[in-house]
Amino acid sequence: MVNLTAINKTKRKYTDTDHELLFLGIFQDKKLNPSQRSLDSLIDNALSEAIECDGFTGKKDKQLNIYGNNSIKRIVLIGLGDQKKYTSDRARSLASNICRYANNINVSEFSVDGDSFGLQKNGYTQAFCEGLVLGSYEFNDYKTEDDKNNKAESVTMYGNVEKKNLDKGFALGQAVSFSRDLGNHPANILTPSYLAREAQKIAEESPKMDCHIFDLKEIKKMGMGAFYGVAQGAKEPAKMIIVEYNGGRKSQKPIALVGKGLTFDSGGISLKPSPKMDEMKFDMCGSATVMGVLQAVSELKPKINIVFAIGSTENMPGSNAQRPGDIVTAYNGKTIEVLNTDAEGRLVLADVLAYVNKEYEPVAIMDFATLTGAVLIALGNRASGVMGNDVSLMNEVKKASELSFEKVWELPLWEEYTREIKGKYADIQNIGQARLAGTITAGAFLKEFVDDTPWVHMDIAGTAWGPKEPSYQPKVGATGVAVRLVYQLLENRK
Ligand code: BES
Ligand code: MN
Ligand code: ZN
């Protein structure tokens with residue numbers, strides 16, 4: 001969880017107030033600005049003397065500590081590097097470093113001079129505040145000894161920063177952290193019912209949201225044979241979670257966000273090998289992305305209609321589990337041969353996608369899933385794989401990716417790949433014929449369930465946990481990937 005509970009903007013000058021710890025930024029080879037100079041004279045030139053003494057030039061990632069007086073205890077001057085190379089993502093990671101530094105020296109309240117970190121520029125205040133929150137993230141829920149490192153509680157922001165952007169960055173940081181928490185909880189705690197309760201809680205507090213939870217009986221009755229086939233082997237009750245958000249005009253068709261919520265993926269009868277199987281608690285990270293956006297939307301209330309949808313179950317072996325070779329019928333009537341029970345995510349998503357597409361006639365659908373190990377081979381954990389059927393929606397995703405610095409890379413969904421999943425005994429099969437291009441054949445499979453609705457699939461198997469860079473990523477566990485990207489996309493739309 002995050003320990004940081006507030007980022008407060010103040011109109012006062014930082015030279016007029018007391019500070020436990022004050023952070024100032026300076027670009028490489030630049031002089032102190034007027035406020036920094038008045039601070040310098042306030043503390044008998046300790047700042048300029050320290051700069052001189054250490055030969056500090058504002059190089060990237062260098063920092064200079066100055067111990068002031070009783071009212072301004074510590075000043076940390078942070079090198080921002082070349083001003084021309086400064087980006088909002090640099091601001092985001094600097095902010096997380098700052099927060100971590102405060103945590104390390106056990107300071108619970110600190111101050112930041114926003115002006116000196118270049119936060120006047122559009123998007124930078126938001127990014128910086130996201131970074132402050134994310135730098136304060138640690139998952140300690142199950143540690144009984146207090147070895148918490150995230151002690152920082154509140155930040156006071158000085159300078160000419162817009163409160164609206166500060167609040168947005170704070171809310172998005174919190175939403176990403178919520179998504180990380182969901183990912184990090186183990187499968188014996190975070191069940192489909194747990195996810196459903198969390199969605200309900202958020203929806204109940206928001207007058208513009210309606211939540212519907214469907215149980216396994218209903219899933220079966222509604223004709224979701226593919227989802228049912230995966231869920232039938234699990235004792236833990238499966239859920240389909242739908243939240244409708246009405247922030248836009250009544251007549252406006254919604255955008256749909258669909259998440260894979262496998263709270264544990266053992267592989268089923270096509271059992272996975274033991275090493276790292278514990279990581280399959282993260283197989284609900286697609287749904288955690290959707291939940292993170294849900295929380296951000298409930299806070300920030302964008303003027304757009306959205307449907308949030310999650311298919312959640314465990315994938316377990318057992319006497320009632322589906323068998324390789326089983327043939328199931330999906331919600332849209334297509335028949336599927338289940339050749340490998342470990343290719344379960346696409347089966348669950350198939351039904352949720354088809355359901356959302358038919359029930360809501362969305363203008364666009366995006367889905368998020370830890371769908372294939374193959375995407376790790378293709379892209380490592382630096383970027384999520386994206387595929388789709390609509391150039392313009394894909395461009396929206398790429399634009400949002402550039403603005404949020406959450407990297408995506410497009411893979412092709414040519415018709416040739418669809419041939420790979422043609423079934424021998426049914427319409428399609430749930431794995432490709434040749435084990436090649438595993439991420440793409442999974443995408444080609446999903447494509448069968450969205451008709452002509454503009455759709456983008458994001459395979460986050462490499463990015464949902466594992467990345468440790470940039471510094472606002474956690475040292476261990478879930479990243480809350482794509483929450484910021486999706487919110488950016490929604491905002492570009494409204
Ligand atoms: N959840 C896994 C994908 C996965 C594997 C994510 C490793 C992260 C790390 C998915 O359900 C799965 O098992 N996919 C199979 C598909 C195969 C059977 C065609 C895979 O990638 O091996
Ligand atoms: Mn699997
Ligand atoms: Zn899976």
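Throughout, read-outs are computed from the coordinates displayed, never taken from laboratory work. Nothing here was measured: the structure is a model prediction, and the numbers come from that model. Cβ atoms come from the backbone with ideal geometry, glycine included; neighbour counts cover every protein chain shown.
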Q: Report the charge-dipole magnitude of the chain in Debye, nearest 20, computed about the Cα centre from +1 at each Lys and Arg Cβ and -1 at each Asp and Glu Cβ.
A: 700
Q: Run a plain Debye calculation on the stretch 381-443 (Cα atoms as equal point scatterers, no solvent) and give log10 I(q)/I(0) at q = 0.12, 0.17, 0.26, 0.27 Å⁻¹, rounded to two decimals, same order as the q list.
A: -0.38, -0.66, -1.05, -1.09
(Q) Can you tell me which lysines have their Cα less than 16 Å from the Cα of Lys468? Leave out same-chain residues fewer than eight positions away. (A) Lys407
Q. Tell me, what is a quarter of the convex hull surface for the C-alpha atoms of the stretch 1-156, in nm² with one decimal?
A. 9.3
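Select from the stretch 230-287 those trypsin sites (Lys or Arg not before Pro) which occupy a DSSP coil region and have at most 15 other Cβ atoms within 10 Å, ordered by residue number.
Numbers: sites: Lys235, Lys239, Arg249, Lys250, Lys260, Lys276, Lys281; in loops: Lys235, Arg249, Lys250, Lys276.
When the trypsin sites (Lys or Arg not before Pro) of the stretch 230-287 are filtered for loop state and at most 15 Cβ neighbours within 10 Å, Lys235, Arg249, Lys250, Lys276 remain.
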Q | Kirkwood hydrodynamic radius over Cα pairs of the stretch 408-488, then Stokes diffusion coefficient at 37 °C and 0.692 mPa s, in µm²/s | A | 222
Q: List the DSSP H helices in the chain whose Cα atoms stretch 20 Å or more along the helix axis and whose mean Kyte-Doolittle hydropathy is at least 0.0.
A: 285-300, 345-360
**Q.** Simple Cβ-charge dipole of the stretch 225-369, Lys/Arg +1 and Asp/Glu -1, about Cα centre, in debye nearest 20
**A.** 480
Q.
Which one, Pro324, Ser298, Gly345, is farthest towards the positive end of the dipole of the stretch 251-361 when Lys and Arg carry +1 and Asp and Glu -1 on their Cβ?
A. Ser298
Q. Taking θ as phi - 60°, what are the ³J(HN,Hα) couplings along the stretch 11-26 by the Karplus curve (6.51, -1.76, 1.60), each to the nearest whole Hz, with x for Gly and Pro?
A. 8, 5, 8, 6, 7, 9, 10, 8, 9, 5, 7, 10, 9, 10, x, 8
Q) Averaged over all directions, how much area does the convex hull of the C-alpha atoms of the chain cover when projected, in nm²? A) 23.9
Q) What residues qualify as long-range amide H neighbours of Val408, i.e. H under 5 Å apart, gap of 5 or more or another chain, H built at 1.01 Å from N? A) Ser384
Q. Cα atoms only, the stretch 1-69: Rg and Dmax in Å?
A. 13.7, 41
Q: Using only the alpha-carbon atoms of the stretch 247-378, report the extent along each of the three principal axes, biggest first, to the nearest angstrom.
A: 48, 33, 30
